[in-house]
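**Q** Mind looking over this structure? Questions follow.
Each reported figure results from applying straightforward, stated rules to the coordinates on display, with no laboratory input. No experiment lies behind these values; they were computed from the predicted model shown. Here Cβ is always computed from backbone atoms with ideal geometry, including for glycine, and neighbour counts include all displayed protein chains.
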Amino acid sequence: MNWHIITGEYPPKPGGVSDYTEIVTTAMAKAGLAPRVWTSIDATRANDADFEAGVIEDFGVIVHRLVGRWSPSDLDRMEAAIERTPAPRRFLIQYTPNSWGYKGMNLGFCRFIARRSARGDEIWTVIHEPYYFFKLWDKPARWLIAAANRLMLRTLLGASTRIYITIPYWDSRIRPWAPRGVPIECLPIVSNIPVVNDPVAVEAVRARYAGDGRAIIGCFSTFGDNVERIQAAVLRALAVDRSDRIFLLIGRGSKEFADRLISDKSSLAAKIIATGGLTRNELSIHIQACDVLAQAFPYGISGRNSTIVSALAHGAAITANSGPISEPFWSETDAALIVPGNDIERFAAAVDAILADPARLLAMRTAARRLYDERFSVDRLVARLLSDSGESLIAEFAGAE
């Protein structure tokens, strides 16, 4: 079976799906599966000839970068190139509706996938985000997006022989749009930040930000509108009458978030440090430099939060809150201290309790790494794909000889 990955994002384009897809595809290549990636173009790294033949990247991954924005002519051109690749083919679609341009309303892309299915290709779909949710207070134009997303989802799932979701919460949300008899299974995401083993660099970061012995409470996020209110409330509660700690805001959008937070309460200025965007290696070092991470979410912690999954991989001590999308295992693990709902005072008290108990903090870090290895590691994900396909590493390597 020849594997093809279709994704709207792939490096050097930034984004969680981009990083996820590169890591999974590279792991598949290391396992001997030799996948092809079909994605949108990066003008600095591709031209027409590159698209036709594909560019061989790390570990033999062949990347075809689509010219344009997933328009009908782009899809026709991609389909012609696909037809020249060996059959049988299995497509692994990394799906979010806004990945395919047209303001998230590219029904033509989903019809293209349905056409590939009708021509005998096998379609496996990974749902990262199913659709835009209807909100009564939205503009009517956004209602149109929500409706179009559902039509896209019905078309895509109707062509799929396997459907994966990144969290169990999506099951009930997409089941009305999926064909009967096709299983919907959970395939957790993986960390998109490799762990850098450099204790000297970690200590240098700690010395730079908290050389006076203060605790470092970290928050790793993109600081979008959906998390800003609850995260800001948590940080304010943790900062009240405390001079023994600093707050390290990590990731894109952190500087802007810090500016808004400080303007609202200027006394926080001396306690808050924002990194802005960092490289993967720098992110790894900064996550490890934190004593504890305070990660608040309006709908609760879940395995779809790439920041949480990466924090687990780094053995971070995590405090977070539960919510409607949280999986049951979070309340059963020692890897994170979970506060029910959006109780800010209890959240702040939980962080205080971890910082006051070094033995517990160490145990949480060990449990975090164990949880990641057991549930989220990329090796486990690739093994799952192989198991579901009936293939094995031995069979693949034997076939390649």
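**Q** Which pairs do you get when a residue that is at negative phi, found in the range 190-215, comes within reach of a residue that is acidic (Asp, Glu), reach meaning Cβ atoms under 7 angstrom, with the pair 6+ apart or on two chains?
**A** So the pair list comes out as ASN192/ASP19; ARG214/ASP244; ALA215/ASP244; ALA215/ASP291.
**Q** Then there's this: Does THR319 count as among the polar types (S, T, N, Q), within 30 Å of LEU33 (Cα to Cα) and crowded, with 22+ Cβ neighbours inside 10 Å?
**A** For THR319, the condition - among the polar types (S, T, N, Q), within 30 Å of LEU33 (Cα to Cα) and crowded, with 22+ Cβ neighbours inside 10 Å - is not met.
**Q** Anything in the range 178-188 that is aliphatic (A, V, I, L, M), assigned to a loop (DSSP other than H, G, I, E, B) and either under 24 Å from the mean Cα position of the chain (by Cα) or closer than 23 Å to ASP291 by Cα (or both)? List them, or say none.
**A** ALA178, LEU187
**Q** Exactly one of (1) in a loop (DSSP other than H, G, I, E, B); (2) free of Cβ contacts under 8 Å to residues at least 60 places away in the same chain; (3) surrounded by 17 or more Cβ atoms within 10 Å (Cβ to Cβ) is unmet by ILE338. Its number?
**A** (1)
**Q** Given the criterion hydroxyl-bearing (Ser, Thr, Tyr) and farther than 28 Å from GLU282 by Cβ, identify the matching residue among SER306, SER322.
**A** The match here is SER322.
**Q** Still on this model: Collect the residues in the range 54-80 that are in a helix (DSSP H, G or I), of a type in the set (A, V, I, L, M) and surrounded by fewer than 17 Cβ atoms within 10 Å (Cβ to Cβ), keeping them in residue-number order.
**A** ALA80
**Q** Name the residues in the range 212-254 that are more than 20 Å from the chain's Cα centre (by Cα), over 17 Å from CYS290 (Cβ atoms) and hydrophobic (A, V, I, L, M, F, W, C), would you?
**A** ILE230, ALA232, ALA233, ALA237, VAL240
**Q** On to the next question. Scan (1) buried (at least 18 other Cβ atoms within 10 Å of the Cβ); (2) of a type outside the set (Ser, Thr, Tyr); (3) assigned to a helix (DSSP H, G or I) for the single condition ILE246 breaks and write down its number.
**A** (3)
**Q** Another one. Would a scan of the range 206-219 turn up a residue that is surrounded by 23 or more Cβ atoms within 10 Å (Cβ to Cβ) and closer than 17 Å to ILE344 by Cβ?
**A** So far as the range 206-219 goes, yes, one or more of its residues are surrounded by 23 or more Cβ atoms within 10 Å (Cβ to Cβ) and closer than 17 Å to ILE344 by Cβ.
**Q** Shifting gears a bit: List the number of the failed condition for THR155; all other conditions in (1) under 18 Å from TYR102 (Cα atoms); (2) under 21 Å from the mean Cα position of the chain (by Cα) hold.
**A** (2)
**Q** Return yes or no: is SER302 buried (at least 21 other Cβ atoms within 10 Å of the Cβ), closer than 20 Å to GLY15 by Cβ, in contact with a Ser or Thr (Cβ under 6 Å, 6 or more places away or on another chain) and among the small types (Gly, Ala, Ser)?
**A** Yes.
**Q** Quick check on my filter: what residues within the range 130-162 are under 21 Å from VAL17 (Cα atoms), assigned to a loop (DSSP other than H, G, I, E, B) and out of contact with any helix residue (DSSP H, G or I) (no Cβ under 7 Å at 6 or more places or on another chain)?
**A** SER160
**Q** Also: Could you go through the range 189-203 and let me know if any residue there is over 22 Å from LEU371 (Cβ atoms) and not in a helix (DSSP H, G or I).
**A** yes
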